[in-house]
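**Student:** Take this structure, written in structure tokens, and hold onto it; I'll ask about it next.
The values are calculated or read from the model by the stated rules, or taken from the named source; none is laboratory data. Fair warning: this is a prediction, and the values are worked out from it, not measured in the lab. Cβ placement follows ideal geometry from the backbone for every residue including glycine, while neighbour counts extend to all protein chains displayed.
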Amino acid sequence: MLSRRQALAGAAAVGAALTSGKAIAQGAGDAALKALLDKLAKGAGGPADRLALLEAFPTEGLSSNARLDRDAVLQAYETEAELVRRFPFGASASAPYAVTTRAGWWTNVPEAIRTGGDAPSVLASRLKADTQKIRADAALGVIAPAFVIDKTVAAIAKVAAGASGDLAAELARQSEVLLALKPQAGEGAGVRFKDADLYYALVLKLNTGMAISPDEAHARGLDAARRFGARADALLRARGLTKGSLGARLTALSRDPRHLYADDDAGRDQLVADMNGWLEKAKARVPQSFGAIPKGARTAVISRMSAADEAAARQGYRTPPSFDGARPGTYFVDLAAIRSRPRWTLPSVAHHECVPGHMLQIPMEEGAAAHPLRTRLACPGFSEGWAIYAEQLADEEGAFAGDPLAELGYLQWMLFRAGRLVIDTGLHAKGWSQAKAESWFADLQGPAPVFAPIAQDVERAAIGPGSVAGQGLAWLALVELRAAMRRRQGQDFDLKAFHDAVLWPGTLPLSMLRARVLA
């Protein structure tokens, strides 16, 4: 085990070497491990098979970076294999329902019809297999929440309207089976089958790479909501907004026309210019908190979407920068409903989506040469967790000082992050209903700062347990790990060294990351 000083010094050395153009040293076994991980990434065998193959791989001759790949993926496979062994149902290890608004072969039908892809008979056969799985899982007590069944059946009906023959018949049959199960779904919106508490704990571990009880996860979310809510309350009161829940007051503020952009090209151009102003200030602060910085992070810009994307109301998306900056990074902001984007909600977006958020972390991940399978499996919540942490870091650096409206925007985003964690754990660990989750979330944050209705977030949490909770937990774990390192080092604490230790090795399970940083 590396000592803490060795881990920190090693991360700093890796960062300095990479940004100066030097390659990471390779071990004799690295190529063979990469070949195995490439094979496993394609889904070779079941979870137990993949675990056995990686367990049997010899560790001698691996570079330190390759050893991280092996150990991180192995830990993820251990959790995945345990989940599938104990809970052999659903669409995947962390998706308990075979068919939902987001899962099942029915979701492939529109594209197949449009492009002439899979033959209707092939799709019909796959739909039939999905329907059989719905029945088999129901026999184990695994039935999607009633409101999810209603939404899924409605979505399937729209797809069936464009189908015919056996394909249309199988779509209708699948809807009939789902509706027949609805009376057994009960009133709950979370997982409700045998040993559901253990299932949810394992799903949280799969998404974070650390063991945490659902109750503790819920408590962490509530604590964050209270802390950020208290700050938002004080700022709202200072503006004379004293009555109603936080959400109600944030809603009132969001409708104030003084803080809205014009719904025209000039308004959109001004919004993008304002966000780039915030981004340039963020870039200038980066050397305060980070050591070796990838060139790609400095290329980040914010841009309007194409006219076609804006007309289609496409959600925001990014093209991440390459490590060396040869491919610049761009965040395309969604502006179709520009009157729903108060200017005070946007500064935090620049920090989350660009710097020091995704467009700092992603090129560092590339530079660290972590295998893509490690990036995907070791801690699925890490990338989003880092970007949330980046928003908090920007606030701590004084990004919003002297601008209480921008600070309020940041706080609303943090309430949204904490709120997602709370509703995920509330549904699956506390027995919250769909209605309670939606009402609680609305009272906390008001209008969602993203273009996704609260009902959509609740649905997402219901059918994908642990996913958004994992993002919130990763954020809070990074904050806690930094505090633990600060307590140990006292006046010798070095924020740059901490960030090097977190980012330069590439994504790691949070338990492994903590052990390395605090060894």
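**Student:** Select from the stretch 115-154 the residues that are at pLDDT 95 or above, outside any helix (DSSP H, G or I), hydrophobic (A, V, I, L, M, F, W, C) and surrounded by fewer than 16 Cβ atoms within 10 Å (Cβ to Cβ) and list them in ascending order.
**Tutor:** Leu140
**Student:** Is it fair to say Ala112 is among the aliphatic types (A, V, I, L, M) and either under 27 Å from the mean Cα position of the chain (by Cα) or not in a loop (DSSP other than H, G, I, E, B) (or both)?
**Tutor:** yes
**Student:** Residues in the stretch 466-473: is at least one buried (at least 22 other Cβ atoms within 10 Å of the Cβ), at pLDDT 95 or above and not in a helix (DSSP H, G or I)?
**Tutor:** Yes: the stretch 466-473 contains one or more residues that are buried (at least 22 other Cβ atoms within 10 Å of the Cβ), at pLDDT 95 or above and not in a helix (DSSP H, G or I).
**Student:** Can you report the number of residues in the stretch 207-217 which are surrounded by fewer than 24 Cβ atoms within 10 Å (Cβ to Cβ) and within 17 Å of the chain's Cα centre (by Cα)?
**Tutor:** 1
**Student:** Which pairs do you get when a residue that is at positive phi, found in the stretch 366-380, comes within reach of a residue that is of a type outside the set (S, T, N, Q), reach meaning Cβ atoms under 6 angstrom, with the pair 6+ apart or on two chains?
**Tutor:** Short answer, once both residue conditions are applied: Ala369/Ile24.
**Student:** Report, by residue number, each residue of the stretch 305-329 that is in contact (Cβ under 8 Å) with a residue 24 or more places away in the chain and assigned to a strand (DSSP E or B).
**Tutor:** Arg318
**Student:** All but one of (1) part of a helix (DSSP H, G or I); (2) touching a strand residue (DSSP E or B) at 6+ places or on another chain (Cβ under 8 Å) hold for Phe332; which doesn't?
**Tutor:** Result: Phe332 fails condition (1) only.
**Student:** Same structure again: Working only within the stretch 174-205, note down all residues that are free of Cβ contacts under 8 Å to residues at least 40 places away in the same chain, within 21 Å of Ala129 (Cβ to Cβ) and either among the hydrophobic types (A, V, I, L, M, F, W, C) or surrounded by 14 or more Cβ atoms within 10 Å (Cβ to Cβ) (or both).
**Tutor:** Ser175, Leu179, Ala180, listed by residue number.
**Student:** Please go through the stretch 155-173 and give me each residue that is crowded, with 17+ Cβ neighbours inside 10 Å and part of a helix (DSSP H, G or I), ordered by number.
**Tutor:** The answer is Ala155, Ile156, Val159, Ala160, Leu167, Ala168, Glu170, Leu171.
**Student:** To continue, here is another question. Taking only pairs six or more apart or across chains, which ones have beta-carbon atoms under 8 Å, a first residue in the stretch 112-132 that is farther than 22 Å from Ser92 by Cα and touching a residue at least 24 places away in the same chain (Cβ under 8 Å), and a second residue that is among the hydroxyl-bearing types (Ser, Thr, Tyr) and not in a helix (DSSP H, G or I)?
**Tutor:** Cβ pairs passing all conditions: Pro120/Ser164.
**Student:** Could you tell me whether any residue of the stretch 174-197 is more than 27 Å from Ala435 (Cα to Cα) and either in a helix (DSSP H, G or I) or in contact with a strand residue (DSSP E or B) (Cβ under 6 Å, 6 or more places away or on another chain) (or both)?
**Tutor:** There is no residue in the stretch 174-197 that is more than 27 Å from Ala435 (Cα to Cα) and either in a helix (DSSP H, G or I) or in contact with a strand residue (DSSP E or B) (Cβ under 6 Å, 6 or more places away or on another chain) (or both).
**Student:** May I ask you to list pairs of residues, at least six apart or on different chains, whose Cβ atoms are under 7 Å apart, with the first in the stretch 448-475 being within 30 Å of Leu503 (Cα to Cα) and hydroxyl-bearing (Ser, Thr, Tyr) and the second being modelled with pLDDT of 95 or more and assigned to a helix (DSSP H, G or I)?
**Tutor:** Ser467/Asn207
**Student:** Still on this structure: Does Gly15 satisfy being modelled with pLDDT under 95 and either out of contact with any helix residue (DSSP H, G or I) (no Cβ under 7 Å at 6 or more places or on another chain) or under 13 Å from Arg374 (Cα atoms) (or both)?
**Tutor:** No.
**Student:** Please verify whether Ala455 is touching a Ser or Thr at 6+ places or on another chain (Cβ under 9 Å), of a type outside the set (Phe, Trp, Tyr) and in a helix (DSSP H, G or I), treating the condition exactly as stated.
**Tutor:** no
**Student:** Among the listed residues Ile302, Ile388, which satisfies the condition of being assigned to a strand (DSSP E or B) and crowded, with 19+ Cβ neighbours inside 10 Å?
**Tutor:** From the options Ile302, Ile388, the qualifying one is Ile302.
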